[in-house]
Structures are given as C-alpha cells and as structure tokens.
1. Once the piece of chain linking residue 188 and residue 94 is laid out straight, how much longer is it, given 0.36 nm per residue of separation minus the C-alpha distance between them?
2. For the chain, what Kirkwood radius comes out of the mean inverse Cα-Cα distance, in Å?
3. Need one word for the stretch 1-44: rounded, prolate or oblate. Basis is the Cα gyration tensor (sqrt eigenvalues a ≥ b ≥ c); a/c below 1.5 gives rounded, then a/b vs b/c decides.
4. In which sequence would 123, 208 go, from the one with the fewest C-beta neighbours within 10 Å to the one with the most?
5. Using r as the Cβ-Cβ distance of residue 177 and residue 143, and R0 as 25 Å, what FRET efficiency do you calculate, to the nearest 0.05?
6. Could you let me know the centre-to-centre spacing of the stretch 53-85 and the stretch 102-137, using Cα atoms, in angstrom?
7. Would you list 248, 13 from fewest to most Cβ contacts within 10 Å?
8. Rounded, prolate or oblate: pick one for the stretch 89-182, where a ≥ b ≥ c are the square roots of the eigenvalues of its C-alpha gyration tensor, a/c under 1.5 means rounded, and failing that, prolate if a/b is larger than b/c, else oblate.
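A short reminder: the numbers here are calculations on the coordinates, not readings from a lab. Since we're looking at a predicted model, the values are computed, not measured. Positions of Cβ are backbone-derived with ideal geometry, glycine not excepted, and every protein chain shown enters the neighbour counts.
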C-alpha cells in the first residue's frame with residue numbers, strides 16, 4: 001500500500017527564555033507552508049595504489065537540518081517574532097498638554113505628543129487649541145489647520161494663516177484621551193530561539209507529528225503592508241541538537 005500524504009496541520013511555537021527553558025506553546029496560526037531540508041557534507045578518500053584513483057571511502061562530516069515556515073496569521077505575537085521585537089502596552093492619561101512647540105510648514109502634517117519615550121506620539125486627543133508662540137493669535141480649526149483627533153495628527157492648511165513664510169513655530173494645547181494601545185518595537189537580537197511543534201491533521205495519509213526542542217527562528221523576506229495579496233510572513237528555521245536532545249523528533253500516533 002502506497003504511503004501518499006497530503007500534509008496539513010497546526011504549528012505551535014514555544015519561546016525559550018534566556019536560560020533555554022520553555023515558557024509555553026502558542027498556536028502560530030494558519031501556516032500555508034512548513035518545510036524541512038537536510039544537507040550533508042562528506043569527506044571522500046581515494047586510493048592511489050593504481051593507475052586510476054578510485055574512491056574507497058566516504059565519511060559524513062556534517063549534517064545541517066534547516067527549513068522554512070510561512071504564516072499568514074498577522075497577530076501581534078507573530079509580528080513581534082518577524083521584526084524580532086517585543087510587545088508592550090502604551091498608556092496615556094488625561095493630563096492636559098500646554099504649549100507643545102512644533103515647527104511647521106504649510107500643507108504638511110505633524111504628529112502630536114512625540115517624545116523620546118513615545119516616538120510614535122499620542123493617539124486620541126481633544127480640546128485642541130493652536131496659537132502662535134506669543135499666544136496673541138489663536139488659529140481657527142478647518143481654516144488654518146485640521147486635526148485628526150483619533151490619531152493625534154494636525155495638518156497645516158495651505159490657504160490658512162499659519163506659516164506665511166517658509167516655517168513657523170506654533171504652540172498646541174490638547175488633552176489626551178485616557179486609553180492604552182498595543183505597541184511592537186524591535187529589539188537588539190537578529191533571531192529568536194524557540195521550540196517548535198507540528199501536529200498533523202492530514203486529509204490524506206498517515207498523521208506524524210514533528211517536534212524540535214531547539215530551533216533558531218529567523219525572519220526572512222518582506223512583509224508587504226500594501227499589496228493585492230494576503231499578508232504572510234516567512235521564517236527560516238535551523239533545527240539544533242543539544243547534549244540531551246535530538247534535533248528533530250517525528251512521532252506516529254498510538255495504535
């Protein structure tokens with residue numbers, strides 16, 4: 001009987017901590033592709049006792065087990081793995097902001113609330129007032145500027161009174177909306193070490209599950225934020241053995 005297999009299943013990732021300890025598996029999401037590749041190198045020996053050199057020995061000296069995985073579940077967890085970063089929560093309170101100085105030009109847009117601690121700026125603002133630096137002129141919303149209160153962005157209108165010459169410093173008063181948001185920021189590492197588990201659910205063929213206790217997970221390729229196809233992320237895998245574990249385990253189901 002032929003053992004034809006049409007492979008499908010679920011992938012689980014367990015991010016190892018700095019000591020290599022497991023932290024718990026999470027479902028990676030829908031994975032259109034998971035591939036394992038094996039490459040080996042060998043050292044050959046040739047006899048020189050005759051007129052023609054003939055190979056009389058060959059020893060495998062190196063085996064590399066690698067692979068790729070593609071996931072199209074664009075969760076925050078997966079995005080953090082792709083940019084090799086961490087997820088945090090950014091919170092803001094209703095503390096009013098006064099006289100935030102911004103150097104502006106006509107026709108351009110500026111983000112409110114950008115600081116070294118929050119480079120992306122605030123989200124959600126109200127009670128916006130725009131004045132000149134002296135505080136003697138209060139500019140008119142939708143005539144001199146517009147405000148995106150949801151994203152906290154101010155646009156200087158070309159036909160307004162702000163920045164009649166090249167640039168102008170303005171002061172902006174506003175009150176942030178009390179809220180929090182998820183933020184993913186890149187870290188210093190170029191890859192992450194994880195354990196990987198694949199649980200087969202084949203529409204055709206014998207189900208065999210794969211487990212690797214130590215895998216280097218490296219993001220690979222591009223993530224097209226603008227495009228005509230479903231977003232997906234690809235990672236390169238390197239399956240590593242340890243002093244106590246094999247690189248890959250493939251388990252059948254109990255009978």
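1. Details: separation 94, 0.36 × 94 = 33.84 nm, distance 3.28 nm.
Extra length from residue 188 to residue 94 when fully extended: 30.6 nm.
2. Details: mean 1/r = 0.0426 Å⁻¹.
By the Kirkwood definition, the hydrodynamic radius is 23.5 Å.
3. Numbers: a/c = 2.98, a/b = 1.19, b/c = 2.50.
It is oblate, given that a/c is not under 1.5 and a/b is not larger than b/c.
4. Working: 123 22, 208 16.
Least to most surrounded, the residues fall as 208, 123.
5. It comes to 0.55.
6. Cα centroid of the stretch 53-85 versus Cα centroid of the stretch 102-137: 47 Å apart.
7. Details: 248 18, 13 23.
With the sparsest Cβ surroundings first, the list reads 248, 13.
8. prolate
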